[in-house]
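What follows is calculated from the coordinates using simple rules that are stated; it is not laboratory data. For clarity, every value in this text was computed on a predicted model and none was experimentally measured. Using ideal geometry, Cβ is built from the backbone for each residue, glycine included, and neighbour counts are taken over all protein chains shown.
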Amino acid sequence: MKDTRQPGLRAQSVYKALRRAIIEQALKPGMKLPEDSIGEQLGVSRTLVREAFGRLAIEGLVELKPNRGASVAYPTLEEARDVFDVRRGLERMVAETLAGNLTAAQAAELEAHVALEEKAHGRDGPESIRLAGEFHIRLAEMTGNALLLRYVQEVSSRCSLILAIYGRPHSSECAVSEHRQLIEALRAGDAARAAHLMDHHLQAVVTRALLTPRGERDIREVLAPYALSEGLTQP
């Protein structure tokens, strides 16, 4: 069946499909991203693929090099440390802003998300990383500060990519317990403790990271389920 959606909606779907494939580590760090193969798999033009590449490059998820095309970003250890340093500063601000201002509905939403993290524990490393990142982005959304949310989304995406390179199957159980402690501090209105817990949590994520080798798969095989989920192809 032909996709009759407007080009703008199709462009958004291409961006979302590629972004998820990178965050969930289906597209590995350093992997080449040929426009023709991706366009063929997603059922879109190379123009829409290039547009998605541009957005992902701004987020630090894709590298664009003249005469060499696009590839999934592969940040160095030094770059990884810098990204986490920036993230710690931003998320301390998130914690201080939310402390004492978290509504009962928001707290319940966060608890429900943590329950999803618990289910993913020990089952799927990429899913755990994705859910952990979404928890932090949701916290930023709850501040109501659009600029802060934008920056947190950007560094969180980069951190997910970094963990795909340097992270081991890190302790999801530990991360979940840290998220629960943070929710309690926010409920209690203890800004200093919430900021300290956030900083300690992100530092612990860095400490648990180490270098592990990753293999590669054919890009069309990788993107098939993402194209289907975004409605770009039919079953």
Based on the mean of other Cβ atoms within 10 Å per residue, sort peptides 58-69, 187-198 so the most packed one is first. 187-198, 58-69
For the pair GLN234 and LYS16, the simple spin-label estimate (label points 7 Å beyond Cα toward Cβ) gives in nm 2.1 nm
Would you please state the base-10 log of I(q)/I(0) at q = 0.13, 0.17, 0.18 1/Å for the stretch 102-165, with intensities from the Debye formula using one equal scatterer on every alpha carbon? -0.38, -0.63, -0.69
Here the stretch 51-93 gives, from Cα atoms, an Rg and Dmax in Å of 12.8, 41
Quick one: 3J(HN,Hα) in Hz for the stretch 81-87, Karplus 6.51/-1.76/1.60 with θ = phi - 60°, rounded, Gly and Pro as x. 5, 4, 4, 5, 4, 5, 4
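In the stretch 1-88, what is the count of Lys pairs whose alpha carbons are under 21 Å apart, counting only pairs at least 8 residues apart or on separate chains? Before the final figure, lay out the partial values.
Values: LYS2/LYS16; LYS16/LYS28; LYS16/LYS32; LYS28/LYS65; LYS32/LYS65.
Final tally of qualifying lysine pairs is 5.
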Please list the three semi-axes, largest first and in whole Å, of the ellipsoid equivalent to the chain, using sqrt of 5 times the eigenvalues of its alpha carbon gyration tensor. 32, 19, 17
For the chain, modelled as a Gaussian network with Cα springs under 10 Å, which listed residue fluctuates most, SER177, SER156, SER128? SER177
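I need the calculated FRET efficiency for the pair GLU111 and ALA224, taking r as the beta carbon distance and R₀ as 35 Å, to the nearest 0.05.
0.50
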Give me the tail of P(r) for the stretch 126-195 as a percent: Cα-Cα pairs with distance above 13 Å. 69 percent
Residues of the stretch 64-108 with the amide nitrogen closer than 16 Å to a label point 7 Å from the Cα of LYS32, along Cα-to-Cβ, please. 64-73
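Averaging over all projection directions, find the projected area of the Cα convex hull of the stretch 21-65 and quote it in nm² with one decimal place.
Numbers: hull surface 12.4 nm².
Convex hull of Cα atoms, orientation-averaged projection: 3.1 nm².
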On the Cα set of the stretch 1-122, report Rg and Dmax in Å, please. 18.5, 53
